[in-house]
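To keep things clear, I will list the structure first and then write my remarks on it.
The values are calculated or read from the model by the stated rules, or taken from the named source; none is laboratory data. Since this is a predicted model, take the numbers as computed values, not measurements. So basically every Cβ, Gly included, is an ideal-geometry build from the backbone, and we count neighbours across all protein chains shown.
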Amino acid sequence: MNEILELLVKIILVVAGFSVFYQLVPFKHHKQTKPKLAIFPKYVACFESSVDEIEQSLAQLEFIINEEGLYTRSKAYGDFAAKNIKLSVEVDEQAKKLKVYSPFIGILFDTGDLWQVTSDILNKNNQTLL
């Protein structure tokens, strides 16, 4: 029983440490080409369209603005597909930038799904995740 409890504590510490590290890693600049593999993916991207168009795109992807001004979607549990994990989007209207990341638990790697969500927000190509 002690071994199980010890293992559980270790797993919790590893996940917590991993999540803290994810929050500390800088954002990657969103590029035009989809990455084959991204470690600790979270993106910052500039946009040229209007803020209203970005907000419409976020609404089509089922993001909802919360009281803090962040757009969030989905839940913090379930499978790990980008269309299902909890994501947050910060929109900086002044700088015309947005940030896409996981607020709850860090993402170790991504094969382009989070990049695709960011691209869909920017390009209003929302068929991918609906």
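Miscellaneous remarks
- Any hit, the range 17-29, residues being surrounded by 16 or more Cβ atoms within 10 Å (Cβ to Cβ), in contact with a helix residue (DSSP H, G or I) (Cβ under 8 Å, 6 or more places away or on another chain) and either within 17 Å of residue 120 (Cβ to Cβ) or of a type in the set (D, E, K, R) (or both): no
- Matching residues, the range 62-89, being of a type in the set (A, V, I, L, M, F, W, C), at pLDDT 90 or above and under 18 Å from residue 115 (Cβ atoms): 63, 87, 89
- The range 90-130, subset charged (D, E, K, R) and over 11 Å from the mean Cα position of the chain (by Cα), residue modelled with the lowest pLDDT: 124
- The test for being surrounded by 11 or more Cβ atoms within 10 Å (Cβ to Cβ), within 14 Å of residue 98 (Cα to Cα), touching a Phe, Trp or Tyr at 6+ places or on another chain (Cβ under 7 Å) and aliphatic (A, V, I, L, M) holds for residue 44.
- Applying a threshold of 7 Å to beta carbon distances and a minimum spacing of six or more residues, or different chains, the list of pairs starting in the range 37-65 at a residue that is touching a residue at least 24 places away in the same chain (Cβ under 8 Å) and more than 9 Å from residue 121 (Cα to Cα) and ending at one that is assigned to a helix (DSSP H, G or I) and aliphatic (A, V, I, L, M) reads 41/114; 43/114; 45/122; 47/54; 47/122.
- Scanning the range 85-100 for residues that are surrounded by 18 or more Cβ atoms within 10 Å (Cβ to Cβ), touching a strand residue (DSSP E or B) at 6+ places or on another chain (Cβ under 6 Å) and free of Cβ contacts under 8 Å to residues at least 40 places away in the same chain yields 87, 88, 89.
- Top-ranked residue in the range 47-76 [being under 14 Å from the mean Cα position of the chain (by Cα) and assigned to a loop (DSSP other than H, G, I, E, B); ranked as surrounded by the most Cβ atoms within 10 Å (Cβ to Cβ)]: 63
- Every residue from the range 110-121 that is touching a Pro at 6+ places or on another chain (Cβ under 7 Å) and outside any loop (DSSP other than H, G, I, E, B): 110, 114, 115
- Filtering the range 1-31 to residues that are among the basic types (Lys, Arg) and within 14 Å of the chain's Cα centre (by Cα) leaves only 28.
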